[in-house]
Amino acid sequence: MLITVTRSGGFAGGEKLSALDTSGRTDAADLEELAKRAVTPVADGYRYRITVDDEVLDLQDPCLSDAQRTLIRTVLGVGG
């Protein structure tokens with residue numbers, strides 16, 4: 001299994017891309033199970049795409065900051 005992760009943002013605004021091939025690793029089964037769990041959507045969870053000018057951010061419940069949750073509720077016009 002090939003697992004790729006890209007990290008961007010932070011104070012310096014840099015980007016880091018790294019890939020890991022689990023073939024031949026002694027921890028391959030653990031990593032593959034972890035990867036499958038990480039990309040599996042939360043049951044009945046919402047997904048959001050927030051676009052502000054040219055910035056695009058894809059999010060998923062329940063991994064929202066308070067600011068993101070408030071903005072989503074305000075823009076969508078939903079409470080609670």
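The values are calculated or read from the model by the stated rules, or taken from the named source; none is laboratory data. What you are looking at is a predicted structure, and each value in this text was computed from that prediction instead of being measured. No Cβ is skipped: glycine too gets one built from the backbone with ideal geometry, and neighbour counts run over all protein chains shown. Protein only, heavy atoms only, side chains kept; ligands, DNA and RNA dropped before computing areas. Shrake-Rupley method; radii C 1.70, N 1.55, O 1.52, S 1.80 Å.
For residue 7, all conditions in the list (1) at pLDDT 85 or above; (2) touching a strand residue (DSSP E or B) at 6+ places or on another chain (Cβ under 6 Å) hold save one; what is the number of the exception? All conditions are met except number (1).
Scanning the range 40-68 for residues that are within 29 Å of residue 3 (Cβ to Cβ) and either assigned to a helix (DSSP H, G or I) or touching a Lys or Arg at 6+ places or on another chain (Cβ under 9 Å) (or both) yields 41, 56, 57, 58, 59, 60, 61, 68. For the range 6-39, the set of residues classified as part of a strand (DSSP E or B) and either open to solvent by less than 90 Å² (accessible area, probe 1.4 Å) or in contact with a helix residue (DSSP H, G or I) (Cβ under 8 Å, 6 or more places away or on another chain) (or both) consists of 6, 8, 9, 14, 18, 19, 20, 21, listed by residue number. Within the range 40-51, no residue satisfies the criterion of being open to solvent by 80 Å² or more (accessible area, probe 1.4 Å), under 14 Å from residue 72 (Cβ atoms) and among the hydrophobic types (A, V, I, L, M, F, W, C). Checked against the criterion of being touching a strand residue (DSSP E or B) at 6+ places or on another chain (Cβ under 7 Å), aliphatic (A, V, I, L, M) and open to solvent by less than 90 Å² (accessible area, probe 1.4 Å), the candidates 64, 57 yield just one match: 57. What pairs come out if I take residues in the range 9-31 that are in contact (Cβ under 8 Å) with a residue 60 or more places away in the chain and pair them with residues that are in a helix (DSSP H, G or I) whose C-beta lies under 7 Å away, six or more apart or interchain? Listed by first residue and then by second, the contacts come to nothing, as the list is empty.
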